[in-house]
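Here is the structure we will look at.
The values are calculated or read from the model by the stated rules, or taken from the named source; none is laboratory data. Computed from a predicted model, the values in this text were never measured in an experiment. Counting neighbours? That spans all protein chains shown, and the Cβs are built from the backbone with ideal geometry, glycine included. For accessibility, only protein heavy atoms count, side chains too; no ligands or nucleic acids. Shrake-Rupley method; radii C 1.70, N 1.55, O 1.52, S 1.80 Å.
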Amino acid sequence: VEISGTLEENLDHLAEQLSKEHELRKKVQSAMLYPGIVFVAALLIGFFFSTYVLHQVARLFKQLKGVQLPVVTVILLKVSDFTRRHTLLSFVGVFGSFAFIVWFLRRKFLAPVTHAILLRLPIIKDIVIDVSMARFALVFGTLMRSGIDIVHSLEVTATVMDNIYYRRAIERMVLKIQQGSSLVDGLLDARKIFPPVASSMIGIGEESGKLEEVLNYLQQFYELEVDTIMSNLAPILDQVLLILIGA
């Protein structure tokens, strides 16, 4: 806002950007809410079976004299016996371990590993790319419309990207532009995370002087892609969770 000198216009753009950012986050959170509830319910059901149901079954096996039980069955019965004797400790251990794993995976020093994995997982990869591209087009386009030069716009855009590899790619773009290269050159160098079609459109927009319009179109396109993936994600996750619960 201070750079461009157009306070009122920039505040309008900022309000629009924050509103769209909020909508984008809500779409992702809403899509992940149901699978999260089902997963927690599956953990609770599994814990209940391990603590009470298997304990009743174990009595039957104990009555079978001279029968060699499979190793998996023996391990399962021992786990059931432990959870029965130490119910509170087992409950805290299971859910505490799950919470610790989630907390640990969110640490910044693990970002290069976790973000790389997310960019390689089927389905998840598409979600990460679409959400990142929608955010890139939204923030970058908003800053460009506000009259901020391309270098400063990219520097600010890099700071709001969640995925570390998008931040690094945009920071490399800034260096290339400062060295005399075009924006599309930097995008093509990061073709693994910036789709070639989007890069080509941005290149055309840059050459024709209609970069802001192209970014606005890309933002709408990738938001629609996010909506489509999220609407199709629930049935897929249902099947995955069914397999996990069965296991």
statement: So the helices (runs of 4 or more DSSP H) completely within segment 131-189 holding 3 or more residues that are free of Cβ contacts under 8 Å to residues at least 60 places away in the same chain and charged (D, E, K, R) are 164-178
- prompt: So which residues in segment 106-120 are without any contact (Cβ under 8 Å) to a residue 12 or more places away in the chain and over 11 Å from the mean Cα position of the chain (by Cα), if there are any at all?
  reply: 106, 107, 108, 109, 110, 113, 120
query: Would you pick out the residues in segment 67-84 that are open to solvent by 100 Å² or more (accessible area, probe 1.4 Å) and assigned to a loop (DSSP other than H, G, I, E, B)?
result: 68
query: Among the residues of segment 88-109 satisfying the criterion of being closer than 30 Å to residue 162 by Cα and among the aliphatic types (A, V, I, L, M), which is modelled with the lowest pLDDT?
result: 94
query: Can we say residue 244 is under 30 Å from residue 37 (Cα atoms), part of a helix (DSSP H, G or I), open to solvent by less than 60 Å² (accessible area, probe 1.4 Å) and at pLDDT below 85?
result: no
query: Is it true that residue 104 is under 22 Å from residue 52 (Cβ atoms) and open to solvent by less than 90 Å² (accessible area, probe 1.4 Å)?
result: no
message: For segment 111-130, which positions are in a helix (DSSP H, G or I) and open to solvent by 30 Å² or more (accessible area, probe 1.4 Å)?
response: 112, 113, 115, 117, 118, 124, 125, 126
